[in-house]
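Before any comments, here is the structure.
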Amino acid sequence: RLLLQYSKAFAEDVDVLFELLRIFLQPATSDFTFVRDFLSHTVCQKLSTERQRHVMFRFFALLAGEGPEETKVLSVELIVFPMLLNNLAQKENVDSEHRRD
């Protein structure tokens, strides 16, 4: 929960979003659904376009590195894919509004 609070306080530090993925790399008896929800909500709805761009740059750096494949997969599943889906949905909504006008 400390990293969640830090992320809320320092939204410009997108690295912490990727650090949060580490909790899913180890078997756990705790329910970390709240972290999944936080990642999805924060990245999709709270981060500015500029911050989302930084998330993508950080993701590409992660892909190019020698980190664990599991981290890369979790990054796509919990950060990148939800962000892209949200942005595409927003674009479709804007496009459909323009067509109605």
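FYI, it's all coordinate maths here, none of it is from the lab. Everything quoted here is computed from the prediction, not taken from an experiment. Every residue, glycine as well, gets a Cβ built from its backbone with ideal geometry; the counts of neighbours run over all protein chains shown.
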Computed over the chain, the relative contact order (Cα-Cα under 8 Å, seq sep at least six) in percent reads 32 percent
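What FRET efficiency would be calculated for the residue pair residue 15, residue 72, taking the C-beta separation as r and a Förster radius of 22 Å, to the nearest 0.05?
Values: r = 15 Å, r/R0 = 0.69.
According to the calculation, E is roughly 0.90.
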The rounded separation in angstrom of the Cα centers of the range 12-26 and the range 54-96 is 13 Å
Diffing the range 76-84: the Karplus 3J(HN,Hα) column from phi (6.51, -1.76, 1.60, θ = phi - 60°), in whole Hz with x for Gly and Pro, holds 5, 5, 9, 10, 5, 4, x, 5, 5
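Excluding the sites themselves, what is the longest stretch of the chain that contains no GluC sites (Glu not before Pro) in a DSSP loop with at most 14 other C-beta atoms within 10 Å? Show your work: numbers first, answer last.
Details: sites that count: 12, 66.
Longest run free of exposed loop sites: 13-65.
Add -39500 (n - 2.57) for each DSSP H run of 4 or more in the chain, then divide by its residues: what number comes out at 222 nm, to the nearest 500 deg cm²/dmol? Walk me through the intermediate numbers first.
Numbers: 6 runs with 65 residues, N = 101.
Roughly -19500 deg cm²/dmol at 222 nm, from the helical runs in the chain.
Under 37 °C and 0.692 mPa s, how fast does the chain diffuse according to Stokes-Einstein, given a Kirkwood radius computed over C-alpha pairs? Answer in µm²/s, whole number. Working shown, then result.
Details: Rh = 14.5 Å.
Estimated diffusion coefficient is 226 µm²/s.
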Row for the range 14-61, column shape: gyration tensor on C-alpha, a ≥ b ≥ c, rounded if a/c < 1.5 i.e. under 1.5, prolate if a/b over b/c, else oblate; value oblate
Taking 79-85, 53-59, 32-38 and ranking on average Cβ neighbours within 10 Å, highest first, one gets 79-85, 53-59, 32-38
Residue 89 and residue 58 label points (each 7 Å along its Cα→Cβ direction) are spaced in nm at 2.2 nm
